[in-house]
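Scroll down for the structure; my scribbles are underneath it.
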Amino acid sequence: MKIAVTGRQGQVVQSLLERAEARPDMEVVALGRPELDLLKPDTIRSAIAAVQPDIVVSAAAYTAVDQAEDEPETAFAVNSAGAGHVAAAAADLGVPVIHLSTDYVFDGKKAEPYTEDDRPAPQGVYGASKLAGEEAVTAANPHHLILRTAWVYSPFGKNFVKTILGLAAERDELTIVADQWGNPTSALDIADGILHVATRLREDSDFDAWGINHLAGTGETNWAGFARHILATNSHYGGASATVKDIATSDFPTKANRPANSRLATGKLARGFGWTAPKWERSTEVVVARLVSANEKGTENA
Ligand SMILES: NC(=O)c1ccc[n+]([C@@H]2O[C@H](COP(=O)([O-])OP(=O)(O)OC[C@H]3O[C@@H](n4cnc5c(N)ncnc54)[C@H](OP(=O)(O)O)[C@@H]3O)[C@@H](O)[C@H]2O)c1
């Protein structure tokens with residue numbers, strides 16, 4: 001199966017490329033700037049058409065949550081209009097699109113994990129632009145699966161795990177927000193989930209359960225709890241540790257408001273596709289171990 005994925009250096013793109021290397025039945029082609037620029041609709045159609053994929057994965061996005069507050073036009077152009085053009089390009093070729101979206105479409109006021117039936121109410125520009133992207137994808141291609149994920153980390157790119165490891169090398173104590181709850185999700189697991197879902201779409205010609213599914217790491221924590229587990233794992237592998245002091249969101253003001261609860265219920269994906277992500281603690285250990293090993297070898301790539 002040939003998969004075209006949007007973006008080049010992104011965490012999910014890199015994870016998909018790596019996972020597909022171990023799968024002789026899968027070819028993943030990454031399409032990024034300049035040949036595919038989400039701000040230039042013509043490049044989207046021509047780059048995707050040139051690959052003639054069996055399925056399109058829409059993983060590229062404007063992901064700078066705070067910066068989006070200052071650049072709403074760009075965030076919407078990339079995350080909404082751009083995503084819509086990607087889905088339309090897939091529709092032109094008669095193939096499905098798997099589009100990634102976010103837990104930040106929710107306002108965080110619910111006490112329980114959010115299901116696919118809960119009403120989105122984004123708190124910031126990023127979440128609003130991603131919600132508009134879901135709508136654009138839905139309108140452009142009836143054969144769409146929207147996978148909402150959360151708190152993404154990996155051996156690639158910039159992410160919370162790498163930030164915590166970097167800070168631990170410099171400081172003895174870190175102050176981390178403890179009143180925002182969610183599901184840390186490894187991009188490597190997202191890639192596994194995407195390949196599982198893509199295989200089902202390919203093999204089941206009667207598939208008609210299009211729509212939204214939540215795909216996130218199993219289990220929940222807050223950012224301070226996530227940091228503690230990263231540091232404990234790092235220390236286990238001989239790396240630096242640090243004390244984590246809980247603080248409140250109000251002690252660490254950011255430009256964009258973030259939901260206090262963005263936990264995602266993943267039962268629909270489990271029931272519909274028979275796939276569940278591993279526990280977040282285990283996946284974090286896998287990524288930290290790779291980063292420690294890369295650090296020891298002095299290599300960029302973990
Ligand atoms: N990161 C998170 O915590 C998180 C949480 C929930 C949902 N998500 C969603 O999950 C998906 C994957 O996230 P990620 O963490 O892999 O993102 P990421 O690491 O921030 O990578 C973003 C990707 O988007 C590409 N991109 C940005 N603007 C573009 C443009 N104008 N044209 C073409 N490509 C462009 C980047 O291009 P380059 O390759 O050139 O850098 C990069 O490949 C996104 O849809 C995101 O909204 C992420």
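Key figures for this structure:
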| item | result |
| --- | --- |
| Count of region 115-135 residues which are away from the ligand (no atom under 13 Å from the Cβ) and assigned to a helix (DSSP H, G or I) | 1 |
| Condition check for residue 179: open to solvent by 10 Å² or more (accessible area, probe 1.4 Å) and assigned to a loop (DSSP other than H, G, I, E, B) | yes |
| Test: residue in region 106-114 that is in contact with a Phe, Trp or Tyr (Cβ under 8 Å, 6 or more places away or on another chain), assigned to a loop (DSSP other than H, G, I, E, B) and over 22 Å from residue 197 (Cα atoms) | yes |
| Of residues in region 207-228 being assigned to a loop (DSSP other than H, G, I, E, B) and out of contact with any Gly (no Cβ under 7 Å at 6 or more places or on another chain), the one farthest from residue 138 (Cα to Cα) | 219 |
| Qualifying residue in region 81-93 (condition: farther than 19 Å from residue 135 by Cα, part of a loop (DSSP other than H, G, I, E, B) and at pLDDT 95 or above) | no |
| Matching residues, region 136-156, being over 18 Å from residue 228 (Cβ atoms), outside any helix (DSSP H, G or I), open to solvent by less than 40 Å² (accessible area, probe 1.4 Å) and within 15 Å of the ligand (Cβ to nearest atom) | 144, 145, 146, 147, 148, 149, 150, 154, 155, 156 |
| Test: residue 127 is open to solvent by less than 20 Å² (accessible area, probe 1.4 Å), in contact (Cβ under 8 Å) with a residue 24 or more places away in the chain and within 17 Å of the chain's Cα centre (by Cα) | yes |
| Count of residues meeting criterion [within 9 Å of the ligand (Cβ to nearest atom), closer than 24 Å to residue 84 by Cβ and in contact with a Pro (Cβ under 9 Å, 6 or more places away or on another chain)] in region 6-45 | 3 |
| Residue in region 92-101 that is near the ligand (Cβ under 8 Å from one of its atoms) and among the hydrophobic types (A, V, I, L, M, F, W, C) present | yes |
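The values are calculated or read from the model by the stated rules, or taken from the named source; none is laboratory data. In this text, all values refer to a predicted model and were calculated from it rather than measured experimentally. When we count neighbours, we look across all protein chains shown, and the Cβ atoms used for this are built from the backbone with ideal geometry, even at glycine. Areas reflect the complete protein model, heavy atoms only, side chains present, ligands, DNA and RNA absent. Shrake-Rupley method; radii C 1.70, N 1.55, O 1.52, S 1.80 Å.
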